[in-house]
Each structure stands twice: as C-alpha cells, then as structure tokens.
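The values are calculated or read from the model by the stated rules, or taken from the named source; none is laboratory data. What you see is a predicted model; the values in this text were computed from it and never measured. Neighbour counts are summed over all protein chains in view; Cβ atoms, including those assigned to glycine, are modelled from backbone coordinates with ideal geometry.
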Amino acid sequence: MDWPHAPIHRFDDSGVYFITAGTHQKQHIFRSTAALDLLQSALFAQAAHNRCSLQAWALFANHYHLVLAANVGADVQQMIHWFHITSAKAVNEHDGVRGRRVWFQYRDTQLTFERSWLARLRYTHENAVHHGLVHNATHYRWCSASWFANYARPSFVKTVQSIKIDAIKVYDDYKTIDDGFGVR
C-alpha cells in the first residue's frame, strides 16, 4: 500500500532516472565550499558503490538534481538511501552537530523518452544558472556542466544544448542565498 504523504518510489526497471531531493525544511545545510565538496564526494562514492552511472548532477546548499542510469532499478534506491545517510553524517560531523535531520524527501522519474532525457540533462547541467549562481554553468564546480562539455562528444553536447527546457515540469522551489561564496 502506498503512503499518501510522500512521493512513491518504484525502481522496478533498469534505466535512466531523474532525481530531485531537498534538505529538511529547505535549510541551507551545504552552504560552504567544504560542505558541498563533502556532498559531491559522497555522491560519487555511492554512485560507484551502487553501480549507478551519473549522467548529470547539480548540488546546492539545500537541494540537488541527478540524472543517473542503472542496470538494476533497485540499485538506484540503494544509492539514494546510502548517499543521504553518508552525506548527512559527513556534514553533521563537519558542522559539529549531532542528530540534525539533513534530508527530507526525494522525487524520482524514470526517463523513458529520449527528448525527456535530453531535456533533463540540459536542465540539470544548467541549474546553477537557473538559480542565479553563475552566468555560465561550466563555472559552477558542483555540477556536471564542465565535465559534460569536456568529455561528451561535441555533437552530443550541441544536441543537448539545443533542447528546449522551458516547458518541462520539475519541482524546484528552492531559494538561493548569498553567503560570501557566491549565491547558492
């Protein structure tokens, strides 16, 4: 039976997924460069450990977006579960806080249409621009934009950049802050 007060997570199939998660009460927990570095390290470690292939990521003080692929759908759920646990423990230890709840809920969508996948790749790569953190997404170090620009085939980069993203519906109701490191 589904719980009516939270998003339903069904990772039954292999494939590509779009994930969005926010911190508890949208708090800006990962507001320092060190905290964002911890978050990114935890993401890379858990994705590798759980056999999930990151295709795009954007990490912020109070939320993140991911596009990832897995051959076993349950690996995605395990990856998110352990990513939240390890990143929460790391940031709480870094901040000298005990028992603070870090993550709230996450939303997931399996991407089954190519245009939907391409749009979410672009949306994720450019999310730092959407939030006003940088003018060029490749300058934000906690997202995949520069990695994508440097390592993807130029023709594929051009294809992704040509996809319109103004009509996609993504829950992204997170406010940014200016904390001295640039707006996040």
Inset, instruction - Sort out which residues of segment 112-133 are touching a Gly at 6+ places or on another chain (Cβ under 8 Å) and closer than 21 Å to residue 44 by Cβ, and write them in order of number. - result: 133
Inset, instruction - Among the residues of segment 120-159, count how many are exposed (fewer than 14 other Cβ atoms within 10 Å of the Cβ) and under 20 Å from residue 61 (Cα atoms). - result: 3
Inset, instruction - Answer yes or no as to whether residue 104 is more than 21 Å from residue 55 (Cα to Cα) and surrounded by 15 or more Cβ atoms within 10 Å (Cβ to Cβ). - result: yes
Inset, instruction - Find the residue count for segment 42-52, including only residues that are within 13 Å of the chain's Cα centre (by Cα) and either of a type in the set (Gly, Ala, Ser) or under 18 Å from residue 104 (Cα atoms) (or both). - result: 3
Inset, instruction - Return the residue satisfying two criteria in turn: it lies in segment 160-171 and is part of a loop (DSSP other than H, G, I, E, B) and surrounded by 14 or more Cβ atoms within 10 Å (Cβ to Cβ), and of such residues it is modelled with the highest pLDDT. - result: 163
Inset, instruction - Among residues belonging to segment 62-96 that are free of Cβ contacts under 8 Å to residues at least 24 places away in the same chain and not hydrophobic (A, V, I, L, M, F, W, C), point out the one that is surrounded by the most Cβ atoms within 10 Å (Cβ to Cβ). - result: 92
Legend entry - Out of 119, 149, sole residue that is assigned to a helix (DSSP H, G or I), within 19 Å of residue 17 (Cα to Cα) and of a type in the set (A, V, I, L, M, F, W, C): 119
Legend entry - Odd one out for residue 67, checked against (1) under 14 Å from the mean Cα position of the chain (by Cα); (2) farther than 25 Å from residue 34 by Cα: (2)
